[in-house]
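Asks: One structure, as structure tokens, below. Some questions next.
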Amino acid sequence: MIELPRTPARASIVDDIAGLRRILTHCRVIAVVGLSAQWHRPSYFAAKYMQDHGYRIVPVNPTYTEVLGERCYPSVAAIPEPVDIVDCFRKHGAIVPIAHEAVAKGAKVLWMQLGIHNAEAARIAVDAGLDVVINRCVKIEHARILGGLNWAGVNTGVISSRRAGS
């Protein structure tokens with residue numbers, strides 16, 4: 001794991017391409033809080049994408065024992081190894097305790113997924129020296145900044161405007 005300096009003077013709300021690129025380039029272990037084992041859930045889709053792109057995913061959900069071939073933990077505090085990003089797929093009201101766990105775990109980033117904004121959790125994390133990403137999807141940002149999306153949109157080769165046989 002690459003060490004990024006953690007000081008309150010450096011920590012911030014990250015909402016720019018350079019900051020997101022720095023996080024996604026240097027932070028390779030992601031604890032996904034609220035990760036579902038159901039393939040059609042957004043948390044599964046995002047975590048699977050990041051795993052397929054070389055990130056280590058640490059599932060956090062008390063409902064499961066394993067997700068995506070990785071042992072699942074009931075909380076961030078229960079994870080025995082260091083994590084870089086604590087990625088939150090939980091409701092707004094559940095984020096403050098997760099922020100406290102992220103700080104105690106020594107994470108570098110508290111990431112709140114699309115639709116999630118909790119100012120108190122952000123303050124807790126920034127005051128402890130963590131960077132905070134709010135209301136953004138880690139999968140979308142990775143695809144947008146580091147690959148998977150290009151200037152024309154989704155670059156999967158699966159969808160085409162060409163008719164079959166032409």
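Rule-based calculations on the coordinates, nothing more; no lab input. For clarity, every value in this text was computed on a predicted model and none was experimentally measured. A quick note on method: Cβ atoms are made from the backbone with ideal geometry, for glycine too, and the neighbour counts reach across all protein chains shown.
Asks: What FRET efficiency comes out for the pair Arg41/Glu81, r = Cβ-Cβ distance, R0 = 22 Å, nearest 0.05? Display every interim value, and only then the final one.
Replies: Values: r = 25 Å, r/R0 = 1.12.
Approximately 0.35, to the nearest 0.05.
Asks: Please list, or write none, the aspartates and glutamates whose alpha carbon is within less than 16 Å of the alpha carbon of Lys105, excluding same-chain residues fewer than 8 places away.
Replies: List returned: Glu3, Glu81, Asp84, Asp87, Asp127, Asp131.
Asks: List the trypsin sites (Lys or Arg not before Pro) within segment 1-107 that fall in a DSSP loop (any state other than H, G, I, E or B) and whose Cβ has at most 13 other Cβ atoms within 10 Å.
Replies: Of the trypsin sites (Lys or Arg not before Pro), the ones in loops of segment 1-107 whose Cβ has at most 13 other Cβ atoms within 10 Å are Arg10, Lys91.
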